Amino acid sequence: MIRVGLARTLPSYRGLSAPYDPDTAFPELVSALNVQPGSTPNSVYSAVRGALRALGLDAERFGSPSWNPLGDLAESGATIVLKPNFIRHWNPNGEDGSIESVITHGSVLRAIADYAALAAGPEGRVVVAEAPQQDCDFGEIRRLVGMDELEEHFSQVLGRSLTVLDLRREQVRFRDGVIVERSPLPGDPSGYRAVDLGHRSFFNEAGMDAKRFRGADYDPGPTIEHHRNGRHAYLLSETVLSADLIVNLPKLKTHKKTGVTLALKNLVGINGDKNWLPHHSVGSPDQGGDEYPTRNWSNRLRSRAVEFARPLLARGIGTSTIRAARKLEGQMRGDDFVRSGNWYGNRTTWRMCCDLNRCVAYSDRDGLHLEARGPVRRTLSLIDGIVAGEAGGPLAPKDVPLGVVIAATDPIAADLTALRLMGFDERRIPKIEAPMSDMKGPRITEVRSSGDVEVHETSPDQTQTTCGPLDQLGTVHRFKPHPGWTGQIEASASTPTRTTAGSD
């Protein structure tokens, strides 16, 4: 059985402020790191600790000053990379949504950063690394997360350095959906590595035309070039690929191209060039694409207009005219019509996500090891579901006060647990179903079916855990999917309510 740790807590970050000190003198942190409790209640810190405890990490020493949960996954002296979801610095859904359902909260990052420091030891290194969306203001992200205060905590209390990396090589500014300014960024100081999965890609044998692939920028050339003639390559952060342990810290929310974000999708943020990533394929399914569902006149016209505008925008020509057209389109059609592969028929993005997870699982500082019998690195997924997001995710979700933290060393097991809490059916989400049924490999999960997963939940005082099969875990809140996925991924209304079983 593949184990998942689950902790439930207050569904809010209210009252918390950086550097998000714990409100309890946890013996392992006081003795090794001199982390003292603050005066402000902090249920999030306890929930992160509880999820690690429920996962069974360093179980025999839990409660003692020598408990070191991440020490089960990385040795002293290791480099541990924390990969949050910092996709963008605002939520345009001002009425029902906030930034809290868009990005990983600083309180979650602080708690796991302390345990990473504990495992890495004084000779090790803790790195926060992320490549957010092109138009994200990373300085504003730092402010929202409280990164200055976290760095000061590492320096003044722990006597260590916390390295924070924006992995992007370029930042852009949009106006009315059109890029109007580009600014170079230093990116990863260790550089980037091109990882080519070749015939081991999830795109292999999919029968998709690489000439239809479109990425994150106007010029489709790089997207096509790196995914044709048997090549499926990604430009990935060397810091991430060379790490001894990656702690994946996704936000629990919906997603317009893959149904949900969660652990698998969060690894998109380790890229140095997002235009190497296929996001959709031009045209309708009967044309070999997945840009939109049906080939009606409005969809065809829009697609042709976009393709006509791409080379112009790449050269900075006609931006004001195209901006006006985009603005008019928004006024006439709203935001919920399917475009750019934002629907359940997207066959492209989920394959790209699974490829990235395969790249990470089978890469280390020495290169790519696709012939290995299993993953060559360890990863830990810790999903921030304190305040989750539904409907317009990943950029404009509606807040859902959920109050959960999920921990697992298998990304599919983590995502399956989140899906059950959300009321979604994993069999209708290709990103989840395909890796489970994959018979060729290299496999990115040990999970073959939901019956392989067992959920261990910590009690509020963390003195014991209850355990039971994933199939007995009930839905907490029936999430609204993104409009392009509505009616396609929801589980049956007969899904059980919350249950637990036995204790350990």
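The values are calculated or read from the model by the stated rules, or taken from the named source; none is laboratory data. Owing to the predicted nature of the structure, the values given are computational and were not obtained by experimental measurement. Please note: Cβ atoms are built from the backbone with ideal geometry, for glycine as well, and neighbour counts cover all protein chains shown. All accessible areas refer to the heavy atoms of the entire protein, side chains included, with ligands and DNA or RNA removed. Shrake-Rupley method; radii C 1.70, N 1.55, O 1.52, S 1.80 Å.
Within the range 410-427, the set of residues being open to solvent by 20 Å² or more (accessible area, probe 1.4 Å) and in contact with a Ser or Thr (Cβ under 7 Å, 6 or more places away or on another chain) comprises 420 only. The C-beta contact set for the range 462-478 (first residue in a strand (DSSP E or B), second residue of a type in the set (Gly, Ala, Ser), distance under 6 angstrom, 6+ apart or interchain) comprises 465/54; 466/503; 467/502; 468/501.
Restricting attention to the range 164-194, which residues are surrounded by fewer than 17 Cβ atoms within 10 Å (Cβ to Cβ), of a type in the set (Ser, Thr, Tyr) and part of a strand (DSSP E or B)? Listed by number, the list holds a single entry, 183. Taking the criterion of being open to solvent by less than 30 Å² (accessible area, probe 1.4 Å) and touching a Pro at 6+ places or on another chain (Cβ under 7 Å), no residue of the range 454-473 qualifies.
For the range 374-395, taking the residues that are open to solvent by 20 Å² or more (accessible area, probe 1.4 Å) and of a type in the set (Val, Ile, Thr), the one that is nearest to the chain's Cα centre (by Cα) is identified as 379.
You will find that of 249, 262, the residue that is hydrophobic (A, V, I, L, M, F, W, C), on the phi > 0 side of the Ramachandran plot and crowded, with 22+ Cβ neighbours inside 10 Å is 262 and no other.
Yes/no matrix, rows are residues, columns are (1) among the β-branched types (Val, Ile, Thr); (2) modelled with pLDDT under 85; (3) surrounded by 19 or more Cβ atoms within 10 Å (Cβ to Cβ):
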residue: 312; (1), (2), (3): no, no, no
residue: 320; (1), (2), (3): no, no, no
residue: 323; (1), (2), (3): no, yes, no
residue: 343; (1), (2), (3): no, no, yes
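Please verify whether the range 216-237 includes one or more residues that are within 30 Å of residue 51 (Cα to Cα) and of a type in the set (A, V, I, L, M, F, W, C). Yes, some residue in the range 216-237 is within 30 Å of residue 51 (Cα to Cα) and of a type in the set (A, V, I, L, M, F, W, C).
As for the range 85-101, it holds no residue that is more than 16 Å from the chain's Cα centre (by Cα), at pLDDT 95 or above and within 21 Å of residue 381 (Cα to Cα).
Scanning the range 213-222 for residues that are closer than 30 Å to residue 80 by Cα and either more than 23 Å from the chain's Cα centre (by Cα) or open to solvent by less than 20 Å² (accessible area, probe 1.4 Å) (or both) yields a single hit, 215.
The rows are residues; the columns are (1) open to solvent by 10 Å² or more (accessible area, probe 1.4 Å); (2) touching a Pro at 6+ places or on another chain (Cβ under 8 Å); (3) β-branched (Val, Ile, Thr).
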{"position": "366", "(1), (2), (3)": "yes, no, no"}
{"position": "369", "(1), (2), (3)": "yes, no, no"}
{"position": "372", "(1), (2), (3)": "yes, yes, no"}
{"position": "397", "(1), (2), (3)": "no, no, no"}
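Residue 386 meets each of the listed conditions (1) touching a Phe, Trp or Tyr at 6+ places or on another chain (Cβ under 7 Å); (2) over 17 Å from residue 458 (Cα atoms) apart from (2). Of all the numbered requirements in (1) over 30 Å from residue 189 (Cα atoms); (2) crowded, with 22+ Cβ neighbours inside 10 Å; (3) touching a helix residue (DSSP H, G or I) at 6+ places or on another chain (Cβ under 8 Å), residue 273 misses one, and that requirement is (1).
Give the range 95-117 a look and list any residue that's touching an Asp or Glu at 6+ places or on another chain (Cβ under 7 Å), within 16 Å of residue 401 (Cβ to Cβ) and among the hydroxyl-bearing types (Ser, Thr, Tyr), or say none.
Of everything in the range 95-117, those that are touching an Asp or Glu at 6+ places or on another chain (Cβ under 7 Å), within 16 Å of residue 401 (Cβ to Cβ) and among the hydroxyl-bearing types (Ser, Thr, Tyr) turn out to be 98, 101.
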